[in-house]
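Structure first, then comments.
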There are 2 protein chains.
Amino acid sequence: MQILDGKKVSEKIVEDLTREVFLIKKNIERIPRLDVILVGDDFGSIKYVNMKEKKAVEVGIDVKVHHLDEKTETEEVTKLIKSLNDDETVDGIMVQLPLPDQIDTNVVLETISPEKDVDGLTPTNLGKLFQGDKSAIAPATPIGIMELFKYYKINLSSKNVVLLGASEIVGKPLIAMLLNDHATVTVCNSYTKNAPDVCRQADILVSAVGIPLYVNKDFIKKDCIVIDVGSNKHPQTGQLVGDVDVEDVVDIVSYITPVPGGVGPMTIASLLLNLMHCYHDRQGNREFN
Amino acid sequence: MQILDGKKVSEKIVEDLTREVFLIKKNIERIPRLDVILVGDDFGSIKYVNMKEKKAVEVGIDVKVHHLDEKTETEEVTKLIKSLNDDETVDGIMVQLPLPDQIDTNVVLETISPEKDVDGLTPTNLGKLFQGDKSAIAPATPIGIMELFKYYKINLSSKNVVLLGASEIVGKPLIAMLLNDHATVTVCNSYTKNAPDVCRQADILVSAVGIPLYVNKDFIKKDCIVIDVGSNKHPQTGQLVGDVDVEDVVDIVSYITPVPGGVGPMTIASLLLNLMHCYHDRQGNREFN
């Protein structure tokens, strides 16, 4: 069994991006810029925004955090987004979720120009992803998963890939990306009959159900590659665990993402990859994507 | 074996729509309007536009066909679309494909406002479909397939549905619609290994590969429901045949769409359903959808 090491791969991506931005600065080109909108004082949200800001600054990207009051209304947020849409120096706009209750999240997200939608949350980007359009921006988690496949040279063509869970930010964009790479894709949900039987057909199994230790050896055929998107609290120990019961499947799988240290650490690196994708598209440097 | 009779179901839909438009007129409300853009004099395109116009007029919808010269440039078409986007009396805009070579089809289609995109071809509508947004407009063929399921009371929840082929106008929107109805969905493409083995897992098989008589009894488990989207010329007889070798599977399947007379006749009815969807959304009558 080999570990798909998200920590290592994400560090490699950050290193490559740092070199890329260094060269941009050296050539005295416009510096890539990320604008983050944070509303209110939720402890977790502030922590995530700080982590993203720190990593972006480390890479050399200009970051501007717009920290708005807890009581801010929808209209004020959309007004800010519109001004950032129109600002030529802004490459990516990210709204930290969840937003306070008085704000209409859908209206806010739909206001972001698809070219600057660095979290890949607009319907236009999801549709473009399914149309195989190179300008499409996908959400961070599926990008992180695809980057792991790329790093470990896991070829997807003709592979049977089974997805457990089809959320808008993980499963659905992943369907598009896997089909674009010529995989055969099966999508299971909570209504699926005999999920273990379906999963045992998988060359690659991606679990994003959010149930601790749900996937055991009944779900896995010999040499299956397992991607564990789960990030759950163990019911007894309270520790962070994934969807997969690693001890049970350790002798069967060929590759697996650990939790923590698998898909999770890829998220911020993927956000920064997206920002550079937006930057190059806006600069007209299509060959970078 | 029971036939899924697209001709009969489409006639029922047209009948219902005719009654609906009659009531709209009786209540002296605004009449729904479809604008069709036709460029050049391709024989097939003119025939299709005439068929659509005839059926829409029969239902009572206002139709305006914009027949442009063969040599028309992209900009002239997008200018027309923009004026129709802004015209409050227009509910749906349809561009007959294919367009002449000098026209950039993607640019033309992306100009159509998603609310008036009656063919469901914009990335925004495809993305909305995957996000389960009720305002999403899907292309005509997958809508026709879903209407057949509805008419024959075929419940999709927990069913294993296998799609052969994942085009942007059939397979991909259908993935979204099937997942929204809680099916387990598998998508095969030309890279799939052992397609017959995969298809034999299907409670419902949808074939859209465009290869005459490709699907035989090796692909079908007992009582499978088969949707044949193919519209192919028989290599020997030259007759119109589907993807499915009906004689070979007749004793195994529970339901099947014939070719001709299955999915095909649903197309124009679905276009008109979409137009009424656009009309009601624009009128603010969400309960109709």
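Every read-out reported here was derived from the displayed coordinates using simple, explicitly stated rules and does not represent laboratory data. The model shown is predicted, which means the values in this text are computed figures rather than measured ones. As a convention, Cβ positions derive from the backbone with ideal geometry for all residues, glycine included, and neighbour counts pool all protein chains shown.
Take every Cα pair under 8 Å in chain B that's 6+ residues apart, average their separations, divide by the length, and report that relative contact order as a whole percent.
Reported relative contact order: 20 percent.
Given all pairs of different Cα atoms, what value in angstroms does the Kirkwood hydrodynamic radius of segment A:2-108 take?
Taking every pair of different Cα atoms in segment A:2-108, averaging 1/r and inverting gives 15.5 Å.
With θ taken as phi - 60° and the coefficients 6.51, -1.76 and 1.60, list the Karplus ³J(HN,Hα) couplings across segment B:242-248 in order, rounded to whole Hz; mark glycine and proline as x.
Going residue by residue, I get x, 7, 9, 7, 4, 4, 6 Hz, with x marking Gly and Pro.
Could you give the angle, 0 to 90 degrees to the nearest 10, between helix B:43-59's Cα long axis and the longest principal axis of the Cα atoms of chain B?
80
For A:ALA202, enumerate residues with amide H under 5 Å from its amide H, sequence gap 5+ or separate chain, H modeled in the peptide plane.
Those qualifying (amide H under 5 Å, at least 5 residues apart or on another chain) are A:LYS221.
What is the gain in length, in nm to one decimal, between A:ASN85 and A:HIS234 on full extension, counting 0.36 nm per residue of separation less the C-alpha to C-alpha distance? Could you put the intermediate results ahead of the total?
Numbers: separation 149, 0.36 × 149 = 53.64 nm, distance 4.21 nm.
This chain segment gains 49.4 nm when fully extended.
Using a Gaussian network model of chain B with C-alpha springs under 10 Å, which one of B:LYS193, B:LYS222, B:LYS172 is most mobile by mean-square fluctuation?
Greatest mean-square fluctuation among the candidates belongs to B:LYS193.
Taking springs between alpha-carbon atoms closer than 10 angstrom, which of A:THR89, A:THR192, A:THR267 fluctuates most in the Gaussian network model of chain A?
It is A:THR192.
Through the Karplus equation 6.51 cos²θ - 1.76 cosθ + 1.60, θ set to phi - 60°, convert the phi angles of segment B:95-106 into ³J(HN,Hα) values in whole Hz; use x for Gly and Pro.
The phi angles translate into 9, 6, 9, x, 8, x, 4, 6, 9, 7, 4, 4 Hz.
Looking at the protein assembly as shown, what % of the alpha carbon pairs are farther apart than 33 Å?
Looking at the protein assembly as shown, the distances longer than 33 Å represent 49 percent of pairs.
Would you please give the residues with an amide H less than 5 Å from that of A:VAL65, counting only those at least 5 places away or on a separate chain, with H modeled from the backbone geometry?
Correct list: A:VAL36.
So which residue, out of B:ILE28, B:ILE81, B:ILE211, gets the largest mean-square fluctuation from a GNM of chain B using Cα contacts under 10 Å as springs?
Maximum among the listed residues: B:ILE28.
Given a Förster distance of 45 Å, report the FRET efficiency between B:LYS26 and B:THR105 from their Cβ-Cβ distance, rounded to the nearest 0.05.
Working: r = 40 Å, r/R0 = 0.89.
Computed FRET efficiency for B:LYS26 and B:THR105 comes out at 0.65.
Grab the Cα-Cα distance for A:ASP251 and A:SER190, subtract it from 0.36 nm times how many residues apart they are, and report the gain in nm with one decimal.
Values: separation 61, 0.36 × 61 = 21.96 nm, distance 2.72 nm.
Result for the pair: 19.2 nm of gain on full extension.
Each residue of segment A:231-241 in order: what ³J(HN,Hα) in whole Hz does its phi give by Karplus 6.51 cos²θ - 1.76 cosθ + 1.60, θ = phi - 60°, with x for Gly and Pro?
With the stated coefficients, segment A:231-241 comes to 9, 10, 8, 5, x, 8, 7, x, 6, 6, 9 Hz.
Could you list, in their original order, any pairs among A:LYS64/B:LYS116; A:LYS7/A:LYS172; A:LYS12/A:LYS54; A:LYS26/A:LYS54; A:LYS12/A:LYS153; B:LYS8/B:LYS233 whose Cα atoms are separated by more than 26 Å? Walk me through the numbers before you get to the answer.
On the way: A:LYS64/B:LYS116 37 Å; A:LYS7/A:LYS172 24 Å; A:LYS12/A:LYS54 17 Å; A:LYS26/A:LYS54 22 Å; A:LYS12/A:LYS153 15 Å; B:LYS8/B:LYS233 24 Å.
As for pairs spanning more than 26 Å Cα to Cα, those are A:LYS64/B:LYS116.
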